[in-house]
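Here the structure comes first, spelled out in structure tokens, and everything after it is commentary.
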Amino acid sequence: MRILVAESDPALGAFLRQGFEAENYTVDLAPGSEDAKILARDRDYDAAILDLNLPQPDGLELLLNTRARREQLRIVILTNRVSPEDRVRVFDAGADDLVPKPFAFSELSARLRALLRRGARAPDVALRVGDLELSRIERTA
């Protein structure tokens, strides 16, 4: 399983990478939103863990962008914003789960496993290579 971790705190990012690699995930670590956007666009992931507190563009914008490009990607948000309004905004933007900071790695890992167990991913209806997109249903390019 390949996951994308976007975390602005280098120590926490390294901790998450080490923890998930110990659980046999392949982890790509992005220190900022721009790096995460590029990785999410260019690579196929089973899940993403995104820090909502990333610098500009912020984590919410990254979430919206990632969800628009990858509808089936499972996305967990890490945040220290825990007001009900913030949580609602995150779920409405397309997050599958939210884990407030500070957190126990074991809980984050369990939540990720639960998301990955939920049914098979629907097949993509479009094939994409670079800027070329082929729709299998509409049979258009």
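Starting from 0.36 nm per residue, how many nanometres of slack lie between Ser106 and Arg89 once their C-alpha separation is accounted for?
3.6 nm
How about the stretch 1-85: which trypsin sites (Lys or Arg not before Pro) there lie in a loop by DSSP and see at most 12 other Cβ atoms within 10 Å?
Here the trypsin sites (Lys or Arg not before Pro) that fit, given the DSSP loop and packing criteria, are Arg43.
Among Val129, Val90, Val99, which one shows the highest mean-square fluctuation when the chain is modelled as a Gaussian network with alpha-carbon springs under 10 Å?
Highest fluctuation among the options: Val129.
Between the stretch 60-101 and the stretch 1-34, what is the C-alpha centre distance in whole Å?
Cα centres, the stretch 60-101 to the stretch 1-34: 17 Å.
Can you put Phe105, Phe15 in order of accessible area, largest first, using a 1.4 Å probe?
Ranked list, largest accessible area first: Phe15, Phe105.
For the chain, what does -39500 (n - 2.57) per DSSP helix run (n ≥ 4), summed and divided by total residues, give at 222 nm, in deg cm²/dmol to the nearest 500?
-12000 deg cm²/dmol
From the protein chains alone at 1.4 Å, what is the descending order of accessible area for Thr79, Thr140, largest first?
Largest accessible area first, the list is Thr140, Thr79.
Let me check the size of the chain from its C-alpha atoms; what are the radius of gyration and Dmax in Å?
15.1, 48
Starting from the 7 Å offset along Cα-to-Cβ, what nm value, one decimal, do you get for the label separation of Gln18 and Ala141?
About 4.9 nm separates the two model spin labels.
The values are calculated or read from the model by the stated rules, or taken from the named source; none is laboratory data. Owing to the predicted nature of the structure, the values given are computational and were not obtained by experimental measurement. In this analysis, Cβ positions are derived from the backbone assuming ideal geometry, glycine residues included, and neighbour counts consider all displayed protein chains. Note: areas computed on protein heavy atoms with side chains; ligands, DNA, RNA excluded. Shrake-Rupley method; radii C 1.70, N 1.55, O 1.52, S 1.80 Å.
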